[in-house]
Amino acid sequence: MPSKLTYLRVDKFRHVKPGSVVRFGGQINAVVGRNGAGKTTLLGLASALIRNNFHEFARDEFEIGFRLEDGEFALEGTLSNKIGSNGGGAKVEFSGVFHHGEAAVHIESDANESTVTARGARVICGSIVPKIDAHATSFGLINDARLFLALVHDARLGLPTDVPNIDIAVDSLRYYGYALTRVSEGVETFRELFAQEANHHDRTPALGVTRLGHSETEWVSVGHHLAGDVLSQLKNTNQPITDSMTLDGTATPLARFIELTQYTDARLVLTKTSAATKEGIKRSVFAKPLVRLETANGNEIPHDHLSFGEKRLLAILIKLYACESTIIVDELANGMHHSWIERLLELMDELNTQAFLTSQNPLLLDCLPLARETFGTTHNLVICELAESGEIVWRNLSEAEADEFFKSLDVGLQHVSEIMRNKGLW
């Protein structure tokens with residue numbers, strides 16, 4: 001599964017003040033600030049680190065410190081990108097420490113290879129630096145390190161030899177990096193998911209399934225979104241696979257959408273857009289997604305007739321259940337009824353999802369499940385500010401600010417957004 005980002009330090013990046021430090025909670029993180037203070041950019045950096053793809057920032061020089069955690073594994077260090085004098089030739093490098101329990105190894109990595117040192121031993125293995133190709137797939141920084149270190153099997157490093165790299169490979173097949181891209185403030189993400197393009201000969205569709213297997217027996221399905229749900233229903237209902245696949249309303253994203261809206265049933269149909277056999281492996285792509293929603297009086301509504309808010313809700317739910325560990329949403333409250341916002345936050349908490357959310361709408365802040373006991377570790381606030389120098393500052397509440405904030409919140413007379421405004425925090 002994708003790892004969780006717990007710490008970010010900016011030493012060099014665009015107009016962000018060097019030394020800006022942000023710590024993230026394990027679940028809901030609300031990013032607030034004025035327009036132009038870098039909220040969306042911060043979401044982009046978080047997405048790039050978690051999905052291990054810096055295509056969006058390939059032309060930016062940067063140096064950032066971070067810590068990613070995945071259960072008993074952690075990777076912390078500095079990632080930098082240097083651009084050649086002629087504006088080309090990005091050079092991405094990583095320097096840091098990989099932790100597994102009590103064991104720790106130092107890793108220096110560039111685009112070609114990694115040098116791993118521990119206990120005086122020095123081993124060369126594969127590169128773990130992020131990709132800069134928009135369509136490149138990755139296991140993620142931590143899992144790249146796990147895989148390469150597992151393949152080394154060098155006892156001198158002091159790492160266990162039973163690192164479960166097969167689990168990483170399976171997760172990568174189900175959860176491609178695209179599932180961790182930012183949900184836009186409008187309906188652009190909805191349009192990307194429901195794009196009707198048919199040419200997927202060399203890549204997996206945004207919302208669809210690629211079936212891979214031997215010519216007689218198909219054995220695995222992969223996809224950015226919903227692949228697991230499609231597989232589960234096909235297995236449970238013994239549906240024959242012909243020219244289409246159908247996902248009914250019991251699939252979790254569709255079921256949650258029905259729960260929150262006026263519709264009584266839903267189904268999603270994927271159409272086979274290509275089929276080919278190469279070196280004995282058959283590859284069939286099912287894409288061109290079509291959702292039909294049924295109303296109480298029996299009418300059917302196609303997905304492109306949904307309202308602005310309904311389109312955003314459906315896109316967010318698809319993203320949430322494609323990768324339950326992480327979701328990144330810009331302006332969550334846009335087009336959303338307060339009951340939808342409250343339910344989405346509840347679902348994120350129930351799934352133990354690390355969420356990175358922005359909003360200029362006080363509704364999001366007022367719906368946050370903030371409590372003194374879990375503040376900073378489970379839920380957190382990230383403040384984006386513009387300094388007098390024109391630099392952008394990213395930070396958390398100071399200890400004194402947090403104490404004053406919760407004193408006001410405990411009184412119960414003001415909403416979160418009112419307290420934030422009154423104390424000059426938003």
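The values are calculated or read from the model by the stated rules, or taken from the named source; none is laboratory data. Nothing here was measured: the structure is a model prediction, and the numbers come from that model. Methodologically, a virtual Cβ is constructed for each residue, glycine included, from the backbone with ideal geometry; neighbour enumeration extends over all protein chains shown.
Could you identify the single residue in 19, 38 that is within 29 Å of residue 322 (Cα to Cα) and among the small types (Gly, Ala, Ser)? Write out each step before concluding.
Details: 19 fails: within 29 Å of residue 322 (Cα to Cα).
That would be 38, the only listed residue that is within 29 Å of residue 322 (Cα to Cα) and among the small types (Gly, Ala, Ser).
Here are 288, 282, 278, 311: which of them is under 21 Å from the mean Cα position of the chain (by Cα), outside the structural domain of residue 69 (by TED's automatic domain parsing) and surrounded by fewer than 23 Cβ atoms within 10 Å (Cβ to Cβ)?
On the way: 288 fails: under 21 Å from the mean Cα position of the chain (by Cα); 282 fails: under 21 Å from the mean Cα position of the chain (by Cα); 278 fails: under 21 Å from the mean Cα position of the chain (by Cα).
It is 311.
Report those strands (runs of 3 or more DSSP E) wholly inside region 1-57 carrying at least 2 residues which are on the phi > 0 side of the Ramachandran plot, at pLDDT below 95 and surrounded by fewer than 21 Cβ atoms within 10 Å (Cβ to Cβ). Walk me through how you get there before you give the answer.
On the way: elements: 4-13, 20-23, 28-33.
In region 1-57, no matching strands (runs of 3 or more DSSP E) lie anywhere.
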Checking residue 171 against (1) surrounded by fewer than 20 Cβ atoms within 10 Å (Cβ to Cβ); (2) closer than 28 Å to residue 10 by Cβ; (3) under 24 Å from the mean Cα position of the chain (by Cα); (4) at pLDDT below 80, the condition it does not meet: (2)
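Would you check if residue 359 is touching a helix residue (DSSP H, G or I) at 6+ places or on another chain (Cβ under 8 Å), polar (S, T, N, Q) and modelled with pLDDT of 95 or more?
Numbers: touching a helix residue (DSSP H, G or I) at 6+ places or on another chain (Cβ under 8 Å): yes; polar (S, T, N, Q): yes; modelled with pLDDT of 95 or more: no.
Here the answer is no, as residue 359 does not meet what is asked.
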Candidate set: region 106-128, residues that are β-branched (Val, Ile, Thr) and within 26 Å of the chain's Cα centre (by Cα); chosen: the one nearest to residue 78 (Cα to Cα): 107
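Based on what the data block shows, is residue 59 over 16 Å from residue 383 (Cα atoms) and either touching a residue at least 12 places away in the same chain (Cβ under 8 Å) or touching a helix residue (DSSP H, G or I) at 6+ places or on another chain (Cβ under 6 Å) (or both)?
Working: over 16 Å from residue 383 (Cα atoms): yes; either touching a residue at least 12 places away in the same chain (Cβ under 8 Å) or touching a helix residue (DSSP H, G or I) at 6+ places or on another chain (Cβ under 6 Å) (or both): yes.
It is true that residue 59 is over 16 Å from residue 383 (Cα atoms) and either touching a residue at least 12 places away in the same chain (Cβ under 8 Å) or touching a helix residue (DSSP H, G or I) at 6+ places or on another chain (Cβ under 6 Å) (or both).
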Residue within region 205-228 that is at pLDDT 60 or above, in a loop (DSSP other than H, G, I, E, B) and surrounded by fewer than 14 Cβ atoms within 10 Å (Cβ to Cβ) present: no
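Got a number for residues in region 344-361 being part of a loop (DSSP other than H, G, I, E, B) and either surrounded by 23 or more Cβ atoms within 10 Å (Cβ to Cβ) or more than 18 Å from the chain's Cα centre (by Cα) (or both)? Steps first, please.
From region 344-361, those part of a loop (DSSP other than H, G, I, E, B) are 351-353, 359-361; that's our starting set.
If we keep only those that are either surrounded by 23 or more Cβ atoms within 10 Å (Cβ to Cβ) or more than 18 Å from the chain's Cα centre (by Cα) (or both) too, we end up with 359-361.
Of the residues in region 344-361, 3 are part of a loop (DSSP other than H, G, I, E, B) and either surrounded by 23 or more Cβ atoms within 10 Å (Cβ to Cβ) or more than 18 Å from the chain's Cα centre (by Cα) (or both).
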Selection status of residue 83, assigned by TED's automatic domain parsing to the domain that holds residue 341 and crowded, with 17+ Cβ neighbours inside 10 Å: no
